[in-house]
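> Structure provided below as structure tokens; questions to follow.
The values are calculated or read from the model by the stated rules, or taken from the named source; none is laboratory data. Because the structure is predicted, anything quoted here is derived from the model rather than measured. Here the Cβ positions follow ideal geometry from the backbone for every residue, glycine too, while neighbour counts run over all protein chains shown.
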Ligand code: SAH
């Protein structure tokens, strides 16, 4: 048997494929994330652990570790790895126990958070995405994530207050219910701006009841839609 065929046969085995993905993931963290200034060790570790290829449609798996967002169906996208890492670092996850995510999408960002914090509550407005994200996270063993279908603009009052809130769809203003559900000393990261334009990734901090906002960088997210 010729060598290339032999290698191909070995690498078609699941263990070999997993190792290939792990190498791609380490390269992704080195080149796209650490090299661009992400320093938080918990974030880097989580980005090295979560199998991103499990969160993209099978036909796009070869691009799972690429430096870009990818479509995940229903007109939605999984964010670029760097943006996931940046948003994770911005909430200082090692000091957060309970986190709310708005916009579950594929469930990838929720999995990254679940590697670090105690519990993740994530809300997705598109029913098909909410149910596929919940199934995927369960299959991958993320037991500290709860997915719910609904309008995340309203937050999840039953589980509030949250130490951190991460919003991965863009509203044109900061939703009051989310500010209200943020713990004192808590932080929210949210893209703010009108649909179809460049938005501003904004950090909202609540300290002694006062709310301070800071614009971080221009980003482009899908719009936050509302349930009628
Ligand atoms: N965090 C996701 C990517 C999110 S894309 C991931 O890691 O894959 C943004 C998601 O927000 C989309 O799935 C979209 O359907 C959802 N969304 C938009 N408006 C929403 C709302 N009001 N409440 C909850 N989810 C919303």
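> Please tell me if residue 178 is assigned to a helix (DSSP H, G or I) and under 23 Å from residue 146 (Cβ atoms).
yes
> Among the numbered conditions (1) more than 15 Å from the ligand (Cβ to nearest atom); (2) over 20 Å from residue 123 (Cα atoms), tell me where residue 53 comes up short.
Just one mismatch for residue 53, condition (1).
> Okay, moving on. Condition test on residue 214, is it outside any strand (DSSP E or B), without any contact (Cβ under 8 Å) to a residue 24 or more places away in the chain and either under 24 Å from residue 107 (Cα atoms) or in contact with a strand residue (DSSP E or B) (Cβ under 7 Å, 6 or more places away or on another chain) (or both)?
When the stated conditions are applied, residue 214 does not pass them.
> Just give me the residues in region 123-157 being within 8 Å of the ligand (Cβ to nearest atom) and either in a strand (DSSP E or B) or in contact (Cβ under 8 Å) with a residue 40 or more places away in the chain (or both), in sequence order.
Selection gives 123, 124, 125, 126, 129, 150, 151, 152, 153.
> Picking from 100, 90, 70, which residue would you name as being more than 12 Å from the ligand (Cβ to nearest atom) and either modelled with pLDDT of 95 or more or surrounded by 14 or more Cβ atoms within 10 Å (Cβ to Cβ) (or both)?
Step by step, each of 100, 90, 70 is checked, and only 90 is more than 12 Å from the ligand (Cβ to nearest atom) and either modelled with pLDDT of 95 or more or surrounded by 14 or more Cβ atoms within 10 Å (Cβ to Cβ) (or both).
> Go through the residues of region 184-205 one by one and say whether even a single one is within 18 Å of the chain's Cα centre (by Cα), without any contact (Cβ under 8 Å) to a residue 60 or more places away in the chain and surrounded by fewer than 18 Cβ atoms within 10 Å (Cβ to Cβ).
Yes, region 184-205 has at least one match.
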